[in-house]
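The values are calculated or read from the model by the stated rules, or taken from the named source; none is laboratory data. Computed from a predicted model, the values in this text were never measured in an experiment. Note that we place each Cβ from the backbone using ideal geometry, even for glycine, and neighbour counts take in every protein chain shown. Ligands, DNA and RNA are stripped out before the accessible areas are found, and what is left, the full protein with its side chains, is counted by its heavy atoms. Shrake-Rupley method; radii C 1.70, N 1.55, O 1.52, S 1.80 Å.
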Amino acid sequence: MITIELENFDLEQICNSGQCFRMKKISENRYAVHAADKYLEIEQEKTLVTFHCEETEFLFFWISYFDLDADYGRYIKAINPRDQYLNRAAETGNGIRILRQDLWEMIVSFLISQQNNIVRIRRCIENICTRFGEEKTTWDGRTYYAFPKPEALAMASEEELRDCNLGYRAKYVAGTARAVAAGEISLEEISSMRYKKAKEQLLTLYGVGEKVADCICLFALHHLEAFPIDTHIRQALDAHYKRGFPNRRYKGMQGVMQQYIFYYELTQKK
DNA sequence: CAACAGGGGACAC
DNA sequence: GTGTCCCCTGTT
């Protein structure tokens, strides 16, 4: 168990920022996180955050996962003081972190996300984990399921994937899983590529388009210059940035700004 | 019951 | 780059 003090860190904001689909609130101030094959419970009391895991796992996995070494105050300070909209957005989402999630998990998650709502996306992912993921045990003896490996999903039939509620997205997951399992594309190589190259490779996958590729680049590969444009962001850009988003000013941190905007739009609609 | 929207993408032209 | 289809499920 590790307790540390953190600035610009808010579990509720991270959970609702739409980048991770396997994090959920389990009680007041306490969240459960599934990531790749790991499980963590985490608590927050104002700036005091407690990770319920061993120190080695905290050091070698969760620090990177939650981007704890980064200074998000620096991103917020970089915002144009005259941009009222972005300042409001960043104020609302000032505890958001861009997570470093598993590449394969993000590929499948965002394949499933297309033309889909968040509640159902979560259910779909839970379904494929339960059905095709490796069985694991928490420190206190409870069973959970890891995210299924490419090989496991490559062996699944399209119909089995449809049974997991994927709908027409089943063929995308099946096709992409087979391509990865067959070695037609190397996740390891993509991990070491720069943004432009990585995105280009991801676009060759069946079912991966512009928006999904950018989500994968941002939420798995931590390419902060990726700026995924979905329907919500599109509306926000049309309303507040008629001359386009100031990419030059926010060079290398557009993805962080995208998250502030996305989260802000989501909270406004409730 | 019908209509519709929900974090798009493939494919043809 | 534009249009059309995909044909999913939950909500209204």
Q) What are the pairs, 6+ residues apart or on separate chains, where a residue within the range A:204-217 that is closer than 10 Å to A:Ala179 by Cβ has its Cβ under 6 Å from a residue that is outside any loop (DSSP other than H, G, I, E, B)? A) A:Leu205/A:Thr176; A:Tyr206/A:Tyr172; A:Tyr206/A:Gly175; A:Tyr206/A:Thr176
Q: Working only within the range A:1-30, note down all residues that are touching a helix residue (DSSP H, G or I) at 6+ places or on another chain (Cβ under 7 Å), more than 23 Å from A:Gln268 (Cβ to Cβ) and either free of Cβ contacts under 8 Å to residues at least 60 places away in the same chain or of a type in the set (Asp, Glu) (or both).
A: A:Ile2, A:Glu7
Q. Out of all the residues in the range A:4-17, is one or more outside any loop (DSSP other than H, G, I, E, B) and among the hydroxyl-bearing types (Ser, Thr, Tyr)?
A. no
Q. How do the pairs read when you match residues in the range A:180-192 that are closer than 19 Å to A:Arg100 by Cβ and in contact (Cβ under 8 Å) with a residue 24 or more places away in the chain with residues anywhere that are outside any loop (DSSP other than H, G, I, E, B) and among the small types (Gly, Ala, Ser), using Cβ under 7 Å and keeping only pairs 6 or more apart or on different chains?
A. A:Ile190/A:Ala198
Q: Inspect all residues belonging to the range A:72-94 and state whether any of them is within 16 Å of DNA strand B (Cβ to nearest atom), modelled with pLDDT of 95 or more and not in a helix (DSSP H, G or I).
A: yes
Q: List every residue pair whose Cβ atoms lie under 6 Å apart, where the two residues are 6 or more positions apart in sequence or sit on different chains, the first residue falls within the range A:253-270 and is among the acidic types (Asp, Glu), and the second residue, located anywhere, is open to solvent by 30 Å² or more (accessible area, probe 1.4 Å).
A: A:Glu265/A:His232
